[in-house]
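I have placed the structure first, in the form of structure tokens, so that the comments after it can refer back to it.
The values are calculated or read from the model by the stated rules, or taken from the named source; none is laboratory data. Quick caveat, the model's predicted, so the values are computed rather than measured. For neighbour counting, all protein chains shown are included, and Cβ atoms are generated from backbone atoms with ideal geometry for every residue, glycine included. To get the accessible areas, we keep the full protein, side chains included, count just its heavy atoms, and leave off ligands, DNA and RNA. Shrake-Rupley method; radii C 1.70, N 1.55, O 1.52, S 1.80 Å.
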Amino acid sequence: MKDIRNHSLKEHNTFGISAVCDRFVEFATESELRQLLHRERFAEQQEPLLILGGGSNLLLTGDFHGTVLHSAITGIENVTEFIMGSPAEPSSDILVRVGSGVVWDDFVAECVKRGWHGAENLSLIPGEVGASAVQNIGAYGVEAKDIIERVEALEVATGEPVVFENADCGYGYRQSRFKGEWKDKYVVTHVTYRLSSVFTPKLDYGNIRSALAERCIDMPTLQQLRETIIDIRQAKLPDPKVLGNGGSFFMNPVVGRAKYEELASMYPAMPHYVVDADHVKIPAGWMIDQCGWKGRRLGRAGVHEKQALVLVNLGGATGQDIVSLCEAIRHDVMEKFGIEIRPEVNIV
């Protein structure tokens, strides 16, 4: 276990914001975490606590005067037989238990390597496995909730283990009970995903099919689909090691049918995705672009020139610089479209 005082968090957030925490604790096993929680009793002390993954969905607005907990729990294990036993009928389902500290894309790469289908559309999303269960990450028509079977965690107040089934977690668009009512109450240790040995590709979201067509691929293999999605993401999203960013900064708003039809009459070419009979999702990036923000800067913070949904650290930006840019963009989108867009990142 690592236990460090006055630790820099610059390398622990993909925005590259310079900030320091009073204490940084990294645990490598569930046992280490349990001992720590039993000993420290963080809930009783009411000390500020930040449960940190890869820092890809985090914006620090200053130093953190409390304890940061980070998981270094590893392991990717096929537990299908252990959980399901020997089913009477053959099944293509594969249950995979993964340590919360595993890098998310390393897990996806391993799934593809082993022929496990279900996570490939989530290729190259930054962050770690534990955060996937908290944030309900998603891309190209797939969300983590679609493949999560159960989440194992320790309760901060007691250090006792608890297991949540998918239905317990209250998953919604980039939401879960871990982000809401359970915030800082549980530390995720493992996530079990339900994958499949049968490859049924999902190709109808975004420009996946057109990208495949450019490669003269009609029906991709699992590896080809992963490679295509990686290429799409790399073409429009900056590498945080080169240009600090937190990926998609804003959530795509879901509006009622009446509001959508009002805007569609004004902007016939407006992209949209039907959620259900009464709701439509409108890309926040498109609205930000229509407001003229793509490629613009506000001090040391800016909007990426290729993807308006991404706010970037142009060098030496503070968290407050990013927040100021965020608020200016939100104001302009509200003025032009009458829609409130909300940050996807966790602002601390």
Out of 149, 155, 165, 160, which single residue is more than 21 Å from residue 251 (Cβ to Cβ), under 18 Å from the mean Cα position of the chain (by Cα) and among the acidic types (Asp, Glu)?
149
Conditions (1) more than 24 Å from the chain's Cα centre (by Cα); (2) not in a helix (DSSP H, G or I): number failed by residue 21:
(1)
Answer yes or no: is there a residue in region 142-153 that is open to solvent by less than 10 Å² (accessible area, probe 1.4 Å) and either acidic (Asp, Glu) or closer than 23 Å to residue 12 by Cα (or both).
yes
Which numbered condition trips up residue 280, out of (1) β-branched (Val, Ile, Thr); (2) open to solvent by less than 10 Å² (accessible area, probe 1.4 Å); (3) under 20 Å from residue 59 (Cβ atoms)?
(3)
Looking only at region 180-198, and only at residues there that are touching a residue at least 24 places away in the same chain (Cβ under 8 Å) and farther than 30 Å from residue 220 by Cα, the one that is surrounded by the fewest Cβ atoms within 10 Å (Cβ to Cβ):
184
All conditions in (1) surrounded by 14 or more Cβ atoms within 10 Å (Cβ to Cβ); (2) in contact (Cβ under 8 Å) with a residue 40 or more places away in the chain are true of residue 102 except (2)
Between a residue in region 266-288 that is within 14 Å of residue 251 (Cα to Cα) and free of Cβ contacts under 8 Å to residues at least 40 places away in the same chain and any residue that is among the aromatic types (Phe, Trp, Tyr) and open to solvent by less than 20 Å² (accessible area, probe 1.4 Å), which pairs come within a Cβ distance under 9 Å, given they are 6 or more apart or on different chains?
285/250
Listed by first then second residue, the pairs whose first member lies in region 156-179 and is open to solvent by less than 30 Å² (accessible area, probe 1.4 Å), whose partner is in a strand (DSSP E or B), with beta carbons under 6 Å and at least 6 positions apart or on separate chains, are 164/151
With under 22 Å from residue 142 (Cα atoms), at pLDDT 95 or above and of a type in the set (Gly, Ala, Ser) as the only criterion, which of 284, 258, 264 stands out?
284
Counting only residues that are hydroxyl-bearing (Ser, Thr, Tyr), within 19 Å of residue 22 (Cα to Cα) and outside any loop (DSSP other than H, G, I, E, B), region 52-80 contains a total of 2
Here is a check on your reading of the model: is residue 138 under 24 Å from residue 247 (Cβ atoms) and in contact with a strand residue (DSSP E or B) (Cβ under 9 Å, 6 or more places away or on another chain)?
no
Top-ranked residue of region 199-224 - restricted to ones that are closer than 18 Å to residue 118 by Cα and β-branched (Val, Ile, Thr), ranked as least open to solvent (accessible area, probe 1.4 Å)
208
Filtered residue count, region 107-120, keeping only those that are touching a helix residue (DSSP H, G or I) at 6+ places or on another chain (Cβ under 9 Å) and either open to solvent by 20 Å² or more (accessible area, probe 1.4 Å) or closer than 22 Å to residue 170 by Cα (or both)
6
Going through (1) touching a Lys or Arg at 6+ places or on another chain (Cβ under 9 Å); (2) closer than 30 Å to residue 28 by Cα; (3) open to solvent by 80 Å² or more (accessible area, probe 1.4 Å) one by one, residue 241 fails only at (1)
Within region 121-134, residues being farther than 23 Å from residue 203 by Cα and either in contact with a Phe, Trp or Tyr (Cβ under 9 Å, 6 or more places away or on another chain) or open to solvent by 40 Å² or more (accessible area, probe 1.4 Å) (or both) number 6
